[in-house]
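What follows is a short report on a single structure.
The values are calculated or read from the model by the stated rules, or taken from the named source; none is laboratory data. Keep in mind that what you see is a predicted model, and the values were worked out from it rather than measured. Cβ placement follows ideal geometry from the backbone for every residue including glycine, while neighbour counts extend to all protein chains displayed. The protein model used for the area step is the full one, side chains on, heavy atoms only, and it has no ligands, DNA or RNA in it. Shrake-Rupley method; radii C 1.70, N 1.55, O 1.52, S 1.80 Å.
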Amino acid sequence: DVGESPPVRRLSEWDAAELRPLAGEYGTPLYVLDLERVRQNYRRLEAAFPDADVLYAVKANALGDVLSTLHEAGAGLECASAGEVQRALAAGAPGSEIHYTAVNPPAGDLDWIVDAWADHPDLTVTAGSTDTIDRLADRGYDGRLCLRVNPGIGAGHHEKVETGAAAKFGVPAERAVDVLVDAADRGFDVVGIHAHVGSGVSSKQRDAHREFVARMGDLARDVAGAVGGLKFVDIGGGFGVPYREDETPLDLESVADATRDALGELDATVTIEPGRYVVADAGVLLTTVNTVKDARETTVAGVDAGLTTLLRPAMYDAYHPIRNLTADVSERGSSRERTPQTVAGPICESGDVFCTARELPRSERGDLLAIGNAGAYGYEMATQYNTRPRPASVVLDDGDVRPARRRETIADVLRPEREALPSASADR
Ligand code: LLP
């Protein structure tokens, strides 16, 4: 029963013999995503929240294979942009299972969404300001409306992702009743309230999360009383996963219990929007060592992935486990000495390192390294800085390997610029 799958899949549990040939066939850097693990993670969430609607947060990993896998498993999709809504529709999700969360939405997004709403009248728009509601009304939208509130309490793995108290997100909770009564008067179909406390909530932050859902429960009762009922209360995503070997996983059942308690007798469905929890440990990033040198206090292993491939260590000082898949083999015979190593990419910034002086088997040129927990916010945050093409992705599915996204070429990176200069392009 996949509902019983282990809550954590460690990097050490991946089969090196399965991963090594992929580097040879598809090259590195390469994202590898195991769809069966995606299904397992989703089913554990469903088991913990049996009465909730689960919307997968597409931003964590928007690969079409992930979206169609989750849609088939029964998930709805939470989308942060018109582009993500296009992906959700392409994956087969009906409008009724798509929520578009509008954060300071560009005009083009609203134009596109309101057009799409004509064909998919059950989609839900989550607005985080009265301005956004007005801009929807200006375009003739009076469909399903959810209000994003700012609950004034945040949590998460880094201050940059603690959204719950950040000014840019949501209408201050104390104004929600007035805003929604007004929206209902203007003819919107008011269906829910929403907040997202932050991303990467750990087991140590359970109290903050409990306080957050308690506030949402109180607010939901006030709003439901004022507008005559709510279909759902969306408590966002944010369920953290362990990145270090010694971290305790967040206990989902206790989060689900606290949420049920907070809502009490209120007749509304709980909606959750997990991203990271579903995909993080389903993905690894493979990268090849191209340079080894002894620096003053550490050995530097230079690799072909960088902050352009996986930004999280540079942006949040995030820890990702690293394993040498080549040394795994030689360790059977003569084991390689472990030394403090700094694994660094090819980008011209000192922050372009995946770890600093971490004990790893001494690297040799040509070694294949795997970087773990790369399934969430990995490829999605990749850039073309330093004119570096973005990497390829493959998916594993029940023993099959499928290419999911080809590697970009330098020509791909250069194309928009060439196309902006039609007269000059002939000479280039
Ligand atoms: N719902 C909303 C409205 C969100 O803004 C987010 C994430 C989620 C759901 C899903 O959160 P999750 O379950 O994945 O924690 N790039 C950062 C994470 C940014 C999260 C942004 N919002 C990182 O790599 O840690």
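With respect to the conditions (1) closer than 30 Å to Ser393 by Cα; (2) more than 16 Å from the ligand (Cβ to nearest atom); (3) in a loop (DSSP other than H, G, I, E, B), Asn290 lacks only one, and its number is (3).
Looking at this structure, is Leu77 more than 16 Å from the ligand (Cβ to nearest atom) and open to solvent by less than 50 Å² (accessible area, probe 1.4 Å)? In short, no. Scanning segment 98-125 for residues that are closer than 17 Å to Ala166 by Cα and hydroxyl-bearing (Ser, Thr, Tyr) gives a single hit, Thr101. Looking at Pro313, is it within 16 Å of the ligand (Cβ to nearest atom), modelled with pLDDT of 95 or more and surrounded by 15 or more Cβ atoms within 10 Å (Cβ to Cβ)? Judged against the criteria, Pro313 is a match. Restricting Arg221, Arg175, Arg210, Arg148 to those that are under 30 Å from Asp317 (Cα atoms), open to solvent by 60 Å² or more (accessible area, probe 1.4 Å) and free of Cβ contacts under 8 Å to residues at least 60 places away in the same chain reduces the list to Arg210. Only one entry of Glu84, Glu25, Glu78 meets the criterion of being modelled with pLDDT of 95 or more and touching a Gly at 6+ places or on another chain (Cβ under 9 Å), and that entry is Glu78. Taking segment 363-387 as the range and being assigned to a loop (DSSP other than H, G, I, E, B) and buried (at least 16 other Cβ atoms within 10 Å of the Cβ) as the test, the residues that pass are Ser363, Asp367, Gly372, Asn373, Ala374, Gly375, Ala376, Tyr377, Gly378, Ala382.
From the list Ala23, Ala47, Ala17, the one residue that fits, being in a helix (DSSP H, G or I), without any contact (Cβ under 8 Å) to a residue 12 or more places away in the chain, outside the structural domain of Ala376 (by TED's automatic domain parsing) and among the hydrophobic types (A, V, I, L, M, F, W, C), is Ala17. Restricting attention to segment 236-287, the residues being over 19 Å from Arg148 (Cα atoms), in a strand (DSSP E or B) and open to solvent by 20 Å² or more (accessible area, probe 1.4 Å) number 0. Kindly check whether there is at least one residue in segment 410-424 that is at pLDDT 95 or above, touching an Asp or Glu at 6+ places or on another chain (Cβ under 7 Å) and β-branched (Val, Ile, Thr). The answer is no, given that none of the residues of segment 410-424 is at pLDDT 95 or above, touching an Asp or Glu at 6+ places or on another chain (Cβ under 7 Å) and β-branched (Val, Ile, Thr). Taking first residues from segment 90-106 that are surrounded by fewer than 21 Cβ atoms within 10 Å (Cβ to Cβ) and partners that are aromatic (Phe, Trp, Tyr), the Cβ contacts under 8 Å between residues at least 6 apart in sequence or on separate chains come to Gly95/Trp117; Val103/Phe169. Scanning segment 56-70 turns up no residue that is modelled with pLDDT of 95 or more, within 14 Å of the ligand (Cβ to nearest atom), open to solvent by 20 Å² or more (accessible area, probe 1.4 Å) and part of a strand (DSSP E or B).
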